[in-house]
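Structure first, commentary second.
Just so you know, all these numbers are worked out from the coordinates, no wet-lab data involved. If you're wondering where the values come from, they're calculated on a predicted model, not measured in any experiment. Quick reminder, even Gly has a Cβ in these numbers, built from the backbone with ideal geometry, and neighbours come from all protein chains shown.
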Amino acid sequence: MTDELDDGRTIADMSDVRGAVKPEHRSMSDITSELQDNEERTMVILGTLKAALSVGLVYVVVFGIAIWLMLAAWT
């Protein structure tokens, strides 16, 4: 591999960029205070659980197919 020398050209002029806008950090008490209703809190928890389980199910199916293919190829 050869060493590439800096030819002095500007790829991206970053001289304008000052501080980027940072997202607002909220405490956990602020977030939980927005969920006043127990039914709303339950729906948020169940939605999060459903999303996590669906992602997990995709991994289980993909790894199961990969293991099945490996067993089929090697036996």
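So, in nm, how far is label Lys50 from label Ala12 when the simple model puts each one 7 Å beyond its Cα toward the Cβ?
3.8
Report the gain in length on full extension from Arg41 to Phe63: 0.36 nm times residue separation, minus Cα-Cα distance, nm rounded to one decimal.
Numbers: separation 22, 0.36 × 22 = 7.92 nm, distance 3.33 nm.
Computed gain between Arg41 and Phe63 is 4.6 nm.
Which whole-number percent of Cα pairs in segment 29-74 have a distance greater than 12 Å? Walk me through the intermediate numbers first.
Values: 734 of 1035 pairs.
Cα-Cα pairs of segment 29-74 separated by over 12 Å account for 71 percent.
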